Amino acid sequence: MKAALLLRVLSATSLLVNANAKSIDHQQPREDSLDDFIKDQQQISLQGMLNNIVDGVVVAGRSDPDYWFTWTRTAALTFKILIERLTRYDLEHYPNVSDDVTDYLKSQAKLQSGDLGEPKFYVNGTAFDGPWNRPQQDGPALRATALTLYARYLIGHAGDSVMAIDVHDHVVDKIWPIISKDLEHIIRCWNQTSFDIWEETNGSSFFTLSASHRALVEGMSLAKEIYLRCDGCAVTAPQILCFMNSFWDVDFMHANLNSKDQRRGIDASSILSSIHTYDPKAGCTDSSFQPCSPRALANHKAVIDSFRQLYAINHGIPQGQAVAVGRYPEDVSHGGNPWYTTTLAAAEQLYLARLQWQDRKEFTIDETSLPFFRDLLPTILPGTYRQSSDPAFFDLVLSAVQKYADGYMALIQRYTPTDGGLSEQFDRNNGVPVSASNFTWSHAAFYTAANRRIGIKGFPWSSWGEPSNNAFKLWQCHSHARVTFHVGS
Ligand code: NOJ
Ligand code: NOJ
């Protein structure tokens, strides 16, 4: 164990004692280099996620407010990250991943016995029966995606071996029934209002729709791989994609439509959409809001700028440099603070964009994305820049983006307590951790952002709508998007 890590683990006990004191220690810049911090914190965050998984049930966190519950949304996002990693290098740090996924599978089958729009459950798997903002429809979509990734991993791993038939049967008998139940639910409910990712706004949520679109598209491909079909997926996915594109508003993506909230619509959940639906094969596609797409970059700027003046801890940080990011500017929960999850998402989108440009060996700046780039390089002009034509300039721009992304990680470093136990939020005035301690989602967000930083990609999910509607393009929306939206009371 590295000395810095050991030190942090040792100091955890003393930190617990001081947990309620607004200790100035929290605000001391971390002394290790950013690289060392990220390496150590990544292991702490992996362990932080695993500590919060009880027999496959992901609890949200461990303290005030009462987070000893499981949310379908955050459980699925956590397992998506763990499953992605399962296919990579980290097995020595996490040898039991398959057992955990198997337990997750079992626990989700139980959760699915009730209403799929129920967002929150007791740790024993029974639906929460207190008052809550329900239904929330992103959970089934996120779960379908996590399990589709897992099914594909198993199939890919078995290849043509003697195991292949058993794996096929396992996927068809045990995994597909859970996925298809979620997909059918999405097909039935996607155009009805529900509560958003923050469990506050009743309306049509961009995050929910984009997660639903992804789930249907990749569910359809998985069905094909196992010689089944999802006809409803093929019909509904383009309708959702068309509807998603009506959320765009000059330079940002509205978080919610058809809602009665009084917000402007700028919300970091749109950044979360772009990282969740990232497809390494998609290119910088606006329609599926890829991290490197002009719209997603403009939106990144709009969201970030909305927090620059809002939080005292951001004051004095110049344009073009990272600031602490909250959920949406009008947030008042716990006084309205930056969240670890959203600040890390701001970094992750940029790391992903950089990976996408690297893969394509070019990037394009258009009128939509120009202000984003101008914050970093004030004299840059619109155009397509190829690595082959000017490698030095290509590298300069990508490095500027990487440095900007690292700025978000450095803020996280600054506001992470010495034991690495990430909370839900940090105080807008002094950076002290706020709300649920060891919040699973914060650890998951750190873990995935750190992975992207070192170039670990996600899996393609045929975001173009392949295979069945291969040639689908947005201009076809006028015929596809006869969307009747059912606005709830
Ligand atoms: C209030 C928060 O604003 C909301 O997002 C959260 O889901 C609930 N508390 C429950 O913890
Ligand atoms: C509150 C957040 O608003 C919600 O999105 C999340 O699912 C729960 N906490 C649990 O982590």
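Annotations
- Rg(Cα) / (2.2 N^0.38 Å) computed for the chain, rounded to two decimals: 0.93
- Magnitude of the charge dipole, the chain, Cβ model with Lys/Arg +1 and Asp/Glu -1, debye to 20: 520
- Cβ-based net charge around R453, under 10 Å, with every Lys or Arg adding one and every Asp or Glu removing one: -1
- Projecting the Cα atoms of C292, V432, W176 onto the dipole axis of the chain, where Lys and Arg carry +1 and Asp and Glu carry -1 at the beta carbon, places C292 farthest toward the positive end.
- Surrounding net charge for Q425, when Lys and Arg each add one and Asp and Glu each subtract one, Cβ distance under 10 Å: -1
- Isotropically averaged projected area of region 52-246, using the convex hull of Cα atoms (one quarter of hull area), nm²: 11.5
- Each of I365, Q41, L376 was scored by the projection of its Cα onto the charge dipole of the chain, and the greatest displacement toward the positive side belongs to I365; charges sit on the C-beta of Lys, Arg, Asp and Glu.
- N96 paired with F128, simple spin-label distance in nm, labels 7 Å along Cα-to-beta-carbon: 2.6
- Selection from F79, I165, G316 lying farthest towards where the dipole of the chain points positive, charges on Cβ: G316
- Cross-link pairs beyond the 29 Å C-alpha cut-off, checked among K403/K457; K110/K260; K260/K457; K110/K457: K110/K260; K260/K457; K110/K457
- Helix content alone sets the calculated 222 nm mean residue ellipticity of the chain: runs of n ≥ 4 DSSP H residues at -39500 (n - 2.57) each, divided across all residues, give -15500 deg cm²/dmol.
- Under 5 Å from the amide H of G326 lie the amide H atoms of W339, each residue being 5 or more positions distant or on a separate chain, with H modelled from the backbone and absent for Pro and chain starts.
- Alpha-carbon centroid distance for the pair region 111-179 / region 335-359, whole angstrom: 27
- In nm, spacing of pseudo-spin labels at D55 and F393 (7 Å Cα→C-beta vector): 6.2
- Measuring gaps between exposed loop sites in the chain (chymotrypsin sites (Phe, Trp or Tyr not before Pro); DSSP loop; at most 12 other Cβ atoms within 10 Å), the longest gap, sites not included, is 228-489.
- Integer Hz, Karplus 6.51/-1.76/1.60 couplings in order for region 425-441, x for Gly and Pro: 9, 9, 4, 5, 9, 9, x, 6, x, 10, 6, 2, 8, 6, 7, 3, 5
- Under a model in which nothing but the beta-carbon of Lys, Arg (+1) and Asp, Glu (-1) is charged, region 52-246 shows a dipole of about 340 debye around its Cα centre.
- Debye, to nearest 20: dipole size of region 161-266, +1 on Lys, Arg Cβ, -1 on Asp, Glu Cβ: 220
- For the chain, cysteines whose Cβ has no other cysteine Cβ within reach (under 4.7 Å): C189
Values quoted throughout were computed directly from the atomic coordinates according to the rules given, and no laboratory measurement underlies them. Remember, it's a predicted structure, so these values are computed and weren't measured experimentally. Glycine also receives a Cβ, built like all others from the backbone with ideal geometry; neighbour counts cover every protein chain displayed.
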